[in-house]
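The values are calculated or read from the model by the stated rules, or taken from the named source; none is laboratory data. Note that the structure is predicted; figures quoted are calculated from it, not measured. FYI the Cβ positions are ideal-geometry reconstructions off the backbone, even for glycines, and counts take in every protein chain you see.
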Amino acid sequence: MFSGTPGDLAGVGAEVILLAFYGSLYDLIRAEADWLRTTFPDLHQELVPPLIWNAVSNLKNPLPVSNVFVSSSAPDSLETVKSIANRLFDVAHASVTGSARITRLFVPDDLSEKLQDLVPEKDVVLTDSIIKAVSELLSPFRSFWKSTSQVAIREARTSVSAIELPSTRGSTSAQTAPMSHPSSPPSSRRFRPTFSEVAKDIEACTAGVLSALDVLLTRLNRQTCGAGIGPMKQASNTIASVLSDRLLKVLRLPAPPTGTGEDEWTEVGGALRLLIASSSLKRSWESRKESLYAVAVGTATPVLEVATALKGNLFERIKQFISQSESENPIEAAVVWELVRDEKLTAKIVTDFESLDSAQDYDQLLSVVHRVVYETMFDGVKARFASFNTSELWNSATSDGEVSMLGFSSSPLGYATEVADYLMTIPQQLEPFVPDEEDAKYATPRSPYVFSANSPGSQQTSRRGRIGRPRESTSGEVGGQEAGEELSGEEGITNMSFAGVWISVLAISAMELYVEKICSIQKVNEAGAKQLATDADYICNVIASLGVAPTPEMALALRLIECNADTASVKEIASEFVSVEHRKLIRRIAALRGINVTI
């Protein structure tokens, strides 16, 4: 009676046609059942169940929303997606409503008494027929579930893709790069917008993203009685994934050519604003999602309670459902029916609810933004260390290759004061961007060593557990830890502030770079060693004033530079260390001071 391609069900008025079909089917079965009662009063209880089964067995899937949307071509606009989705939901509702009407009218009146007398061992065929018939009438819920999920995911992708990100649009426009040759045509490249522009986009789109999440999860909750937590998780993950991909694509574009971008401190401020905007998005997202999931839990709980209240074997549970079900909501009846038929489905739904906290939405975006902030601030450190290797001090070598000091100064050299001044300025740059407690959870690195190549916990630093004498500092610790102890995870930075962790991150990387610079010197005489010790001591003291103790490698390098230039002194220091990396460092610094030592 209902013919046409599956795609026709996405058309206007499909639900009316479907209801007419079920109405006609109802009339036919009712007329046939009445005739059987009149003609065969003693046999009608045996004949009516096969009648219902034969009538519905050819329906296959009376909920024809399955595979409709997936088989059609992807719509090109958000409104088209919403229109199709709403029509499909109407079709699904019409299908379940029509089939449930038949079930409620026939099963309780004509089958209840018969079902009481059925014995599964003797009437397996008849029992299976009844189960299949009722399954067809109540609709295969999981097929509806799957189709609903597919529709929601497509709508999620389209919704987020339609959100305006001005900096993304600007980054795709052609920008003229410098010509390599006067006769060459101008080349077009895509350059990254400023970090402030990307931050503005995130701030502006947050409300729209949360609205899309509200609409989709509320609809899925309503259409699945809260039991469709799996599709809800898929839809929310899709929204977060699409938005993250759009933003990451922009952040990974090449930076504008030198001289055309922002000044150093403006760029640092832009990176910090990007960090706070991303963290705020993550916090708002998690809060809203948690609220929507709580609603789903409340919606699903009574449905799960109804299903789990039906006890016994499969046949007994189905018999109880048919005779006791009082739900006026056909969707809820379909959900309970599937839960009754498959006890494992209940366990899966419960597991889905228990794993809600495992989602990692926007984690990749935040990881990249953390790296952006670190690299933007650390670029200033690298720029100020650039004069270390080009200094006349380290290039004035004698004929035998030894560095000749033109004169020792008790004051640190220019590179050292520049690095120290830069580090002292960082707290002022961080201050305007200090987030509240909730945002700080996402804006703060998990450890001061997160960007470090030499995490203290990754190797045994010393037989005594620390490297010689520590440098004096305001706190004597790195955020409350001794030098050489690893700070990792939330526990390690519990007592450290947002600014404290970022200062530690930058200071630790600066000390690692300084050790590399020292090791790059070929040779240095005693005057040069004294100057190095003065410079290193100055930088370490400035870093200590920021509350950061020396890294194990920095402390070791400084001891080796300050010690007497003889093998015995170096071996005494070396006797405290067992790690391969630290022994390599000892041999390298001893060599640049002209000390031959075998360890």
> Do the conditions hold for Glu572, that is, is it crowded, with 17+ Cβ neighbours inside 10 Å and out of contact with any Gly (no Cβ under 6 Å at 6 or more places or on another chain)?
Replying inline: no
> Mind checking which pairs have a first residue in the range 498-509 that is over 13 Å from Ala420 (Cα atoms) and assigned by TED's automatic domain parsing to the domain that holds Phe433 and a second that is surrounded by fewer than 24 Cβ atoms within 10 Å (Cβ to Cβ) and charged (D, E, K, R), Cβ under 9 Å, 6 or more apart or different chains?
Replying inline: Phe498/Asp439; Ala499/Glu431; Val501/Arg446
> Applying the selection to the range 535-567, what residues are modelled with pLDDT of 95 or more, buried (at least 21 other Cβ atoms within 10 Å of the Cβ) and among the hydroxyl-bearing types (Ser, Thr, Tyr)?
Replying inline: none
> What's the number of the condition Val597 fails, among (1) surrounded by fewer than 20 Cβ atoms within 10 Å (Cβ to Cβ); (2) at pLDDT 90 or above?
Replying inline: (2)
> Can you pull out the residues in the range 264-314 that are assigned to a helix (DSSP H, G or I), aliphatic (A, V, I, L, M) and under 27 Å from Thr224 (Cα atoms)?
Replying inline: Leu292, Ala294, Val295, Ala296, Val297, Ala300, Val303, Leu304, Val306, Ala307, Ala309, Leu314
>> I need the full set of residues from the range 282-321 which are surrounded by fewer than 13 Cβ atoms within 10 Å (Cβ to Cβ), modelled with pLDDT of 90 or more and either of a type in the set (Asp, Glu) or farther than 30 Å from Ser211 by Cα (or both), in order please.
In response: Glu290
